[in-house]
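Note sheet for the following structure.
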Amino acid sequence: MLLVHGLLREHDRAVLDRVGGAVHPRAVAAAGLAAAVSEAPERGLTGDDAVAHLDLLVALATDVPVLPLPLGTTAPDDDAVREEVLAPAADRLEQQLAAVAEFVELRLDLAFDTDALVAEIARGNAEIERLAARSRAPGAGLPERMALGEAVAELVADEEAVRTAEWTAELASLAERSAVLAADEQVRRTAYLVRRERLADADAAVARLRAAADGVADVEYVGPLPVYSFLDDLPEGEQPAPRSRWGW
Amino acid sequence: MTMASVNRAPRPSSLADVLDVVLDKGIVIDAYVRVALVGIELLTIDARIVIASVDTYLRFAEAVNRLDLQPSQEATGLPGLIEQMQEGGAKRKTRGALSGAGEKARDVMQSITGRGDDDEDEDEDDGGRGNGRRRERGVPASRRAPSRS
């Protein structure tokens, strides 16, 4: 049984010989495309397999365009990869590989220190003071505490959104696309589609962001990843002409 | 060493976030016959997601009440002075409140799931900075790879 990790152009297949990591990939090629495959473990997949799968795709995406497949994509043999993965959708896959060629995905996580934010927001806010007094009044219980907590949570979320927009403005301005992947009480996660040649600019922008967020939010900055978040939303003009003779 | 190597990680630091990237994400290949998706064995506590908002609201409520807020018109004279004196220690007091709320949330968790909340223990070991944030997350069922069909 094979694990199929990702797809690349056949003429880039030599990159598979250079990547390290826990996965030892090889190429299965057809129709100008190559699938990066490895032997599936006898046991079920584990977290280590997930990490190894992503490490491989990141290593590939650093050097060449790659289309990631979902973790756990399996095929019984090379023929199945050629006949069911590569050949039936060769035109579409080739177009997608061309479309992602100039881009990588960067992800930014901001985890705010809510201790500090709560204190900052609550002081001097008349509505919060009123709800706090009500939650401490004789006979008050869980509903009053929940009402207070919900009101504070809304203000915290608003404040986090304002600061996030301010801090990430530079990074957003140099990205071709951005997508909010999570915005909850735990983390604000945004993905950015960035041209490869602008990676250093993005790094510099995040370095400044880190300085601005110091003491207020933890910053996790990840990449370059395959463009997971933008496969269906690549910039106009990047799509090459279809290979079909009817594709004018 | 370049700034980039200091600044940027090649992949997320937690397994939950790695799974968030790779599960059910990527190119969709239609008409699988012999090609399939296999699941991954995960220990998740979905109840964490359910009670996350309740937990947050209660933590925030406790934190605000530990600030000892008074209505604005009352926060003058001696009470106002006391409030100012307490302000410097408010952050530490807030963290204490959040720890207490975390324990209550753990009680709720145990009543729902019949088991404890290991992540809370990890938070308590991180030097006290983690009480106001929750980085480790369960993986929603919708994010898991489907079983082999």
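The values are calculated or read from the model by the stated rules, or taken from the named source; none is laboratory data. The model shown is predicted, which means the values in this text are computed figures rather than measured ones. Note: ideal-geometry Cβ built from the backbone for every residue, glycine included; neighbour counts use all protein chains shown.
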Just checking, does the stretch A:41-50 include any residue being closer than 17 Å to A:Arg13 by Cα and not in a loop (DSSP other than H, G, I, E, B)? no
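Kindly indicate which of A:Glu176, A:Glu185, A:Glu220 is in contact (Cβ under 8 Å) with a residue 12 or more places away in the chain, among the acidic types (Asp, Glu) and more than 24 Å from B:Val18 (Cβ to Cβ).
Values: A:Glu185 fails: more than 24 Å from B:Val18 (Cβ to Cβ); A:Glu220 fails: more than 24 Å from B:Val18 (Cβ to Cβ).
Answer to the check: A:Glu176.
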In the stretch A:55-79, how many residues are assigned to a helix (DSSP H, G or I), of a type in the set (A, V, I, L, M) and free of Cβ contacts under 8 Å to residues at least 60 places away in the same chain? 2
Condition first: surrounded by 21 or more Cβ atoms within 10 Å (Cβ to Cβ) and acidic (Asp, Glu). Now tell me which residues in the stretch A:95-108 satisfy that. A:Glu105
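Right, A:Asp203: closer than 28 Å to B:Ile27 by Cα, acidic (Asp, Glu), free of Cβ contacts under 8 Å to residues at least 40 places away in the same chain and surrounded by 18 or more Cβ atoms within 10 Å (Cβ to Cβ) or not?
Details: closer than 28 Å to B:Ile27 by Cα: yes; acidic (Asp, Glu): yes; free of Cβ contacts under 8 Å to residues at least 40 places away in the same chain: yes; surrounded by 18 or more Cβ atoms within 10 Å (Cβ to Cβ): yes.
So A:Asp203 passes the test.
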Within the stretch A:109-120, of all residues that are within 10 Å of chain B (Cβ to nearest Cβ) and modelled with pLDDT of 90 or more, the one nearest to A:Pro41 (Cα to Cα) is A:Asp109
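Those residues that are assigned to a loop (DSSP other than H, G, I, E, B) and aliphatic (A, V, I, L, M), I need them from the stretch A:24-40; list them, please. Quick ask: steps written out before the conclusion?
So in the stretch A:24-40, the residues assigned to a loop (DSSP other than H, G, I, E, B) come out as A:24-25, A:31-32, A:40.
Selection gives A:Ala31, A:Ala40.
Quick one: which of A:Ala151, A:Ala157 is modelled with pLDDT of 90 or more, farther than 18 Å from A:Pro224 by Cα and in a helix (DSSP H, G or I)? Lay out the reasoning, then the answer.
On the way: A:Ala157 fails: modelled with pLDDT of 90 or more.
Of the residues listed, the single one that is modelled with pLDDT of 90 or more, farther than 18 Å from A:Pro224 by Cα and in a helix (DSSP H, G or I) is A:Ala151.
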Among residues of the stretch A:44-85, those that are facing chain B (nearest Cβ under 9 Å) and in contact with an Asp or Glu (Cβ under 9 Å, 6 or more places away or on another chain), counted: 8
Test set (1) away from chain B (no Cβ under 11 Å); (2) surrounded by 21 or more Cβ atoms within 10 Å (Cβ to Cβ) - A:Gly149 fails condition number: (1)
Answer yes or no as to whether A:Thr62 is over 16 Å from A:Tyr228 (Cα atoms), polar (S, T, N, Q) and surrounded by fewer than 19 Cβ atoms within 10 Å (Cβ to Cβ). no
